[in-house]
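Every number here is computed from the coordinates shown, using simple stated rules; none is lab data. Given the structure is predicted, the values throughout are model-derived calculations rather than measurements. Cβ coordinates were reconstructed from backbone atoms using ideal geometry, including for glycine residues, and neighbour counts include every protein chain displayed.
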Amino acid sequence: MNIIVCIKQVPNTMNVQIDPETGRLKRDGVESIINPFDEYAIEAAVRVKEKIGGKVIAITMGPPQAESALREAISKGADEAVLVSDRAFGGADTLATSYALSSAIKFIGNYDIVICGRQASDGDTGQVGPGIAEMLDIPHIAYVKKIESIDDKSIKVERMMEDGYDLIESPIPVLLTVVKEINTPRVASLKGKMAAKKAVVKTLTAADIEADTKRTGLNGSPTQVMKIFVPTQRTGGEKFSGEAKEIAAALVKKLSGVGVI
Amino acid sequence: MANSIKVLTDKCMGCKVCEDVCPFGAISMVERQEHPKKLKLAVIDLNKCAYCGSCVQSCKFNAIELKKESLQSGVDKSLYKGVWVYAEQRRCEISGVVYELLNEGKRLAEKLGTALSAVLVGSNIKSKAQELIDRGADKVYVCDDSIFAEFQDDPYTSVLTQLIEKEKPEIVLMGATNMGCSFASRVATRIRTGLTADCVSLEVDPKTRNLQQTRPAFGGNIMATILTPEHRPQMATVRHKVFKEAKIEQGRKGEIIEYKVNVQTLLNRTKFLSSIKDTSAVVNLDAANIIIAAGRGLGKREGFKLIEELADLLGAAIGASRAAVDSEWIPYSHQIGQTGKTVAPKVYIACGISGQIQHMIGMSSSDIIIAINKDASCPMMQSATYALEGDIYEIIPCIIREIKSLKGG
């Protein structure tokens, strides 16, 4: 079984500080990491491989430095890595990204399952996974929390919904987007780290995958950023300090005043 | 190329302002040995640049030149009219977000001088159409067939795409629910139009008829307004509780249009097998009016017993910060913030949550924010409507006693 995992390199926002004057993020020294949701995708792919055999190919679209994310994926069990990188892909929105990645996946060919994280922590759209599936003309199941069973013809998964979960069956090939509940990603083994060091990361350009550059990058993006601004911060409200009993009473009074209690 | 941006080397003073302003981290400063004053030069990484123009506005020396050219999509925009709301339902229950979208959709439609329509896809669903009219829809397209009894991406995508291609709305709004997020992107991709996720505000320009879609960018600390200038329809998803619900106007007049579904033309590759209600998902954070959330400051798993006691008393749902979830004090389904849920309750009580931006973006549109924390200087206490400084384990029992005596008396 050939499994393709789509990952994205993102800034590690967990440790990002805000500049109190400008209200913007301080970017100095912010490291790049694999999108946290993609860690679950990598793990899910590796587990399928371990269970029924096959190969895991990690793929990312990004600048040349995104190669480090691919090496990390290899350290965690991916067998091969493909970097889809070209100036022509720059400034892509979700439609153009879906097009570039799906073109690369078609170029790689012979895939059974494509796995993505539910969304990227920087863009937070969750649109690229289903978009890739549409362009590959294969079904997708989003918000997968468990792979119930899998063989070379079909897969059964639990799809997370607001009120519980649905059990869905799909023929293969299929694209899945996975949520955090699906697994606990492993820590890279020493052997994995060695493999990551030695791995040859293949780079694919727009020409390599025969992508139509009218459909990539900015050219292929129907959405455009009109403006960017810092939202007005909520200003501080009333402060209460002192004896617990008194401040609790003051709060309850406020709450009953607005009809909450 | 559609857009181009460049730094005018003779004007750039190497002041670094643009580097700090760039939301995408696309600008870096490089040394210029050849410069007579050894001034640095701003360099734009085109792989990261989104051509948003923030740097252009910030540059005092007019050293950055941005040329935006509108893309030709080949779409005749004048053919597209009307605002649509996708009326999501699960087992014949209309999702709450739909009423909110109808309210906002109505406002946009009036501004554009056009009609508001709802699209209802389901099985034995026709009786729900009047509900949508009562909430402001002028027209309701009903796609009723047993194939839509349970949500599956293929048939839902097919039917909505068919309907959009036939009727040509200019705007399509959908709820950013698991269902909406799952197939909205498929629809937009099939039509090859733009889709903007998780908008927090919408506006229209009656001249260009462009929908201005504002959403948090890069973790929510900055906002971006996004346009789909040359493609139609303009599609956007919006989370539950971002807009206010449309009021009910009983017996309002509207048109119900039954769309004849030809099942043969619908894709249907997946199979729905069963559905399991998750009792632990009673954590319906989206629908809660009051949420009590706890974070690292709680100190221990057992602390949630105290939180539960207060929650029961207030009829509140329980939320948590990522720190509390990662410490395995409470399941992930309770997590609020960037990697969890977005909520906007009437009252949000943050207990021992310092307020990292990742958490704040998940709850900052709550009406009233109450913070209880030992550290009065943390962001949550600074931005709270009511900030209570002190120990959770002292203050919450007092609040519980106070409420009990109020209710009892």
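Assorted remarks:
- Taking N as its residue count, the alpha carbon Rg of the protein assembly as shown over 2.2 N^0.38 Å: 0.97
- Scanning residues 5 or more positions from B:Ser201 or on other chains, those with amide H under 5 Å from its amide H are B:Thr214, with H placed 1.01 Å from N in the peptide plane.
- In this structure, B:Glu394 and B:Val43 have a Cβ-Cβ separation that, at R0 = 51 Å, corresponds to a calculated FRET efficiency of about 0.40.
- Each part reduced to its alpha carbon centroid, segment A:130-167 and segment A:190-225 end up 25 Å apart.
- Between A:Ser68 and B:Asn124, the distance separating the two model label sites (each 7 Å from Cα on the Cα→Cβ line) works out to 5.8 nm.
- About the Cα centre, charge dipole magnitude for the protein assembly as shown (Lys/Arg +1, Asp/Glu -1 at Cβ), debye: 840 debye
- Cα-centre dipole for chain B with unit charges at Cβ (Lys and Arg positive, Asp and Glu negative), debye to 20: 760 debye
- Ordering of B:150-163, B:55-68, B:382-395 by packing [mean C-beta count within 10 Å, highest first]: B:150-163, B:382-395, B:55-68
- With only the Cα atoms considered, segment B:3-68 has a convex hull volume of 76 Å³ per residue.
- Projecting the Cα atoms of B:Met29, B:Ile257, B:Asn284 onto the charge dipole of the protein assembly as shown, computed from C-beta unit charges around the Cα centre, puts B:Met29 farthest toward the positive end.
- Amide H contacts under 5 Å for A:Leu175: A:Val114, A:His140, A:Ile141, restricted to partners 5 or more places along the chain or on a different chain, H placed in the peptide plane at 1.01 Å from N.
- As a length-normalised measure over Cα pairs under 8 Å and 6 or more apart, the relative contact order of segment B:252-329 settles at 31 percent.
- When you restrict to C-alpha pairs under 8 Å that are six or more residues apart and normalise by the size of chain B, the relative contact order lands at 12 percent.
- FRET E, pair B:Asp278, B:Asn62, Förster distance 56 Å, beta-carbon r, rounded to 0.05: 0.45
- Look at A:Thr184, A:Thr177, B:Thr339 and count the other Cβ atoms within 10 Å of each Cβ; fewest to most, that gives A:Thr184, B:Thr339, A:Thr177.
- Across chain B, the convex hull enclosing all Cα atoms gives 193 Å³ per residue.
- In nm, spacing of pseudo-spin labels at A:Lys253 and A:Arg186 (7 Å Cα→C-beta vector): 6.1 nm
- Measuring between alpha carbons in the structure, the pairs from A:Lys193/B:Lys305; A:Lys145/B:Lys300; A:Lys76/B:Lys16 lying more than 32 angstrom apart are A:Lys193/B:Lys305; A:Lys76/B:Lys16.
- Kirkwood Rh, Cα atoms: Rg over Rh of segment A:2-204: 0.97
- Which of A:Ile182, A:Ala195, A:Ile105, positive extreme of dipole for segment A:2-204 (C-beta unit charges): A:Ala195
- Beyond 23 Å, the tail of the calculated P(r) for segment B:15-118 holds 59 percent of the Cα pairs.
- Each label was represented as a point 7 Å from its Cα along the Cα-to-Cβ direction; for B:Ser201 and A:Phe229 these points are 0.6 nm apart.
- Separation of segment A:63-87 and segment B:65-119, taken as the distance between their Cα centroids, equals 38 angstrom.
- Counted as membrane-span-like here are DSSP H helices of chain B whose alpha-carbon atoms extend 18 Å or more along the helix's own axis and whose Kyte-Doolittle mean is -0.5 or above; these are B:96-112, B:178-191, B:392-408.
- Inter-part distance where segment B:181-219 and segment B:338-356 are each reduced to a Cα centre, Å: 25 Å
- Put simply, the amide H of A:Lys146, placed in the peptide plane, has neighbours under 5 Å in A:Glu158, leaving out anything fewer than 5 places away on its chain.
- Restricting segment B:234-289 to trypsin sites (Lys or Arg not before Pro) in coil, as DSSP defines it, with at most 12 other Cβ within 10 Å: B:Lys244, B:Lys247, B:Lys253, B:Lys260
- Membrane-span-like helices of chain A, defined as complete DSSP H segments with a Cα extent of 15 Å or more along the helix axis and a mean Kyte hydropathy of at least -0.5, are identified as A:36-52, A:94-108, A:244-257.
- Counting only the Cα atoms, segment B:43-97 fills a convex hull of 227 Å³ per residue.
- Per-residue ³J(HN,Hα) for segment B:321-327, Karplus 6.51 cos²θ - 1.76 cosθ + 1.60, θ = phi - 60°, Hz, x for Gly and Pro: 8, 4, 4, 5, 6, 5, 7
- Sum of -39500 (n - 2.57) over DSSP H runs of 4+, divided by residues of chain B (222 nm, nearest 500): -7500 deg cm²/dmol
- Eigenvalues of the alpha-carbon gyration tensor of segment B:280-408, scaled by 5 and square-rooted, set the equivalent ellipsoid semi-axes at 19, 17, 15 angstrom, largest first.
- With coordinates expressed along the principal axes, the C-alpha atoms belonging to segment B:77-265 extend over 43, 35, 33 Å, beginning with the largest.
- Measuring against 19 Å, Cα to Cα, the residue pairs B:Lys126/B:Lys271; A:Lys245/B:Lys404; A:Lys180/B:Lys241; A:Lys146/B:Lys277; B:Lys11/B:Lys48 contain B:Lys126/B:Lys271; A:Lys180/B:Lys241; B:Lys11/B:Lys48 as the ones spanning a longer distance.
- DSSP beta bridges fully contained in segment B:23-150 are about 40 percent antiparallel.
- In sequence order, calculated HN-Hα J values of segment A:207-223 (Karplus, 6.51, -1.76, 1.60; Hz; x Gly/Pro): 5, 4, 8, 6, 7, 7, 5, 6, 10, 10, x, 4, 4, x, 9, x, 8
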